[in-house]
Structures are given as C-alpha cells and as structure tokens.
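Peer 1: Structure below; questions to follow.
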Amino acid sequence: MSAAPALWRRFAEHRAALLALCLLLLIVAALFIGPWLSPHAVDSIDFDGDWATPPSLVNAHWFGTDSLGRDVFVRTLSGGRISLLVAFAATCVSLLIGVTYGAVAGYFGGALDGWMMRAVDILYALPFLFLVILLMVLFGRDLVLVFVAIGAINWLDMARVVRGQVLALKQREFVMAAHTHGLGSAAILLRHIVPNLAGVVLVTVTLTIPQVILTESFLSFLGLGVQEPATSWGTLINEGAREMEGTPWALLFPASLMALTLLCFNLIGDALRDVLDPRDQP
C-alpha cells in the first residue's frame, strides 16, 4: 500500500495521461448521466419536429436528429454505454482466459509450455475477425455472445505477455522460498506469482479495451454487432456514414466521441507502462 502514493506521483508527471484520465472520467459520467438529462428516449421519434435537423436547442435536440427523427445526443451516449460495456466484459473474458493460460504455461514450462504455446501460434495464424463473425453467424447476434466471442479470441496477447512474466518470476527468490516451505504449485501461482502480475496485466488491459471497442465497432459497422433497438458507436457510425451527405452530425458526434475515448485509453496505457516498468523504478 505504501507504494501507491509514489506510483500516483509518477503517473501524475505524465500530464497528457493525467488529462486523459480526467477526460475519460468525464466521458464515462456523461455516458451514464447524459441520457437522463434529455427528454428523448434512445428509440423515440420526434413526430412534432422536422427530421434530420442539425444541432440546436429547439426541442432539446442538442446533437440534432437523424434521418428518422431520433435524437443523436441520446443515441450517441447510449451507444457509448453499450460499447464500453462490451469492451469491459470482453476484456474480463480475455483477462480470465489469458492470465490462467499464460500463468500455467509459464510456470510448468517444458513440454506442456511448448504444446500450449504452439496452440496459441495456431490460433494467431487464423483470421481473427473471421472466427468472430463465424461464431456470431452460427449462434446468433446476441449481445452476450458479442462479449464472449470477442473475449474468447482476444486473449492470445494476454497469454503471451503473462507467460513471459511468469518465466521470469518463477526464478525469483520468493518463489524458491515458497517451494522450500512445501507450498504446492496452485498455492504458489495464486499467492505469489499472480499478484506480482498486477502491473503488467493492468497495462495490457488498458491497451486491450480500445482494441475491443474498435473490434465491436467494426462488427457493428458490418451489421453483425449490437442490434436494434440497442445501439453502439459502431452502429451509429454505420448509420451516419450512409447518410453523411444529408446528416453529417449523425456521423461526426459518435465518431468523435469514440476517437476521443480511444485516445484517452491509449495515453493512460502508455503512462502506466512507464510507471509500472520495474526498470524505471529508482
């Protein structure tokens, strides 16, 4: 616990990352609070006003309306909630599989490590998006399946990173001391090795989340992701791209907010990598 203030001071030295963290917190707060400030629902059509109206204060259409008369402000923020939910849920699936797989392979080593890593190499050789699309075509385009499909394929990078760290950690003195005291492999992994992976795993997670957001957005752009009446940034960008000549604001707002969110995550991840890199510690 005593290291936390020092780590925070090192993180605060990265002004761009600190600004990105504050901005990301504001974006997340807006995604969850913003729709409550608007009188419009995500799927409601304003029959009293003109359709495809530009942003204005009239009828509380702050981001304008799309070609169907739906409020772009509410749809952008509601879509952001779905995109972040998919990102965090899929990242948790990736985290669970990747950390477990990589820790077991790195700790036991030998033939088991060789076979497990060859399996990872084979999966790397397969077309990632094709597998996700195939899963969704076979089992339906359910929101939960989006979580599982992206997370179950996206764990490969996590497994490799964790394996490399475990290969180094298992040679450390505290692991050898645990062996000397008769602790079993499971206890050593859970009590000594996995907790020491927290830093590198945290950095990997912050860089995985924007990757998952992009993947979900791409699937939704193809019509294979989130389905109506729910929406996501990818779905909104797809709709806005089709009608950008008549309603450019329907593309501009969701695309800009998604790009800003991805930038924040990447800046935070880069700063955490510098802060938590043991080679940089005094």
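Bear in mind that the values in this text are calculations on the coordinates, not laboratory data. None of the values given here were measured: they were computed from a predicted structure. Glycine gets a Cβ as well: all are built from the backbone with ideal geometry, and neighbour counts include every protein chain shown.
Peer 1: Counting alpha carbon pairs within less than 8 Å and at least 6 residues apart, what relative contact order, in whole percent, applies to region 131-214?
Peer 2: Reported relative contact order: 27 percent.
Peer 1: To the nearest 500 deg cm²/dmol, what mean residue ellipticity at 222 nm is calculated for the chain from DSSP H runs of n ≥ 4 alone, each contributing -39,500 (n - 2.57), summed and divided by the residues?
Peer 2: After summing the helix terms and dividing by the residues of the chain, the value is -23500 deg cm²/dmol.
Peer 1: At 0.36 nm per residue, and after removing the present C-alpha to C-alpha distance, how many nm does the segment from R242 to W51 gain when stretched out fully?
Peer 2: Contour length minus the Cα-Cα distance gives 67.2 nm.
Peer 1: Could I ask something else about it? Under 13 Å from a label point 7 Å along Cα→Cβ of T100: give me every residue in region 127-156 with its amide N that close.
Peer 2: The answer is 152.
Peer 1: Still on this model: Which ³J(HN,Hα) values in Hz, rounded to whole numbers, follow from the phi angles of region 168-176 under the Karplus curve 6.51 cos²θ - 1.76 cosθ + 1.60, where θ = phi - 60° and Gly and Pro get x?
Peer 2: Rounded to whole hertz, the list is 7, 5, 6, 8, 6, 5, 5, 6, 5.
Peer 1: Now for a different question. Classify region 1-138 as rounded, prolate or oblate, taking a ≥ b ≥ c as the square roots of the eigenvalues of its Cα gyration tensor: rounded when a/c is under 1.5, otherwise prolate if a/b is larger than b/c and oblate if not.
Peer 2: Oblate is the answer for region 1-138, as a/c is 1.5 or above yet b/c matches or exceeds a/b.
Peer 1: Ranked highest first by average number of other Cβ atoms within 10 Å, how do 56-67, 147-158 line up?
Peer 2: 147-158, 56-67
Peer 1: Hey, what does the equivalent ellipsoid look like for the chain, semi-axes from the Cα gyration tensor as sqrt of 5 times each eigenvalue, largest first, whole Å?
Peer 2: 42, 23, 13
Peer 1: So who's got an amide H within less than 5 Å of the one on T53, skipping anything under 5 residues away but keeping other chains? H placed 1.01 Å off N, in plane.
Peer 2: When sequence neighbours closer than 5 places are left aside, the close amide H contacts are T65.
Peer 1: Expected output is a single nm value to one decimal: the length gained when fully extending between L222 and L167, i.e. 0.36 nm times separation in residues minus the C-alpha distance. What is it?
Peer 2: So the extension gain works out to 15.8 nm.
Peer 1: In addition: What does the extension gain come out to for W36 and A259, with contour length at 0.36 nm per residue minus their alpha carbon separation?
Peer 2: Result for the pair: 77.9 nm of gain on full extension.
Peer 1: Using the 10 angstrom Cβ neighbour count as an exposure proxy, how do T91, T206 rank, fewest first?
Peer 2: Lowest to highest Cβ neighbour count: T206, T91.
Peer 1: Using packing as a proxy for protection, rank 219-227, 14-22 so that the peptide with the highest average count of other Cβ atoms within 10 Å comes first.
Peer 2: Top of the packing list down: 219-227, 14-22.
Peer 1: Could you work out which residue, out of L169, L214, L251, moves most in a Gaussian network model of the chain, that is, has the largest mean-square fluctuation with Cα springs under 10 Å?
Peer 2: Answer for the Gaussian network model of the chain: L169.
Peer 1: Fewest first, what order do S83, S38 take by the number of other Cβ atoms within 10 Å?
Peer 2: So the residues, fewest neighbours to most, are S38, S83.
Peer 1: OK, next. For region 261-276, take each phi angle, set θ = phi - 60°, evaluate the Karplus expression 6.51 cos²θ - 1.76 cosθ + 1.60, and give the result in whole Hz per residue in order, putting x for glycine and proline.
Peer 2: Per-residue couplings from phi come out as 5, 4, 4, 4, 4, 5, 5, 5, x, 5, 5, 4, 4, 5, 5, 8 Hz.
Peer 1: Applying the Karplus parametrisation 6.51 cos²θ - 1.76 cosθ + 1.60 with θ = phi - 60° to the phi angles of region 91-107, what ³J(HN,Hα) value in whole Hz is obtained for each residue in order, glycine and proline being reported as x?
Peer 2: Result, rounded to whole Hz: 5, 5, 4, 4, 5, 4, 5, x, 5, 4, 5, x, 5, 5, 4, x, 6.
Peer 1: Same structure, new question: Can you list residues whose amide H is under 5 Å from G225's amide H, if they're 5+ apart or on another chain and H is modeled 1.01 Å from N?
Peer 2: Here S220 satisfy the definition.
Peer 1: Using a Förster distance of 51 Å, how high is the FRET efficiency between V58 and I122, based on the Cβ-Cβ distance and rounded to 0.05?
Peer 2: 0.35
Peer 1: Now a separate question. Using the alpha-carbon atoms, what tilt in degrees (0 to 90, nearest 10) does helix 110-125 show relative to the longest principal axis of the chain?
Peer 2: 20 degrees
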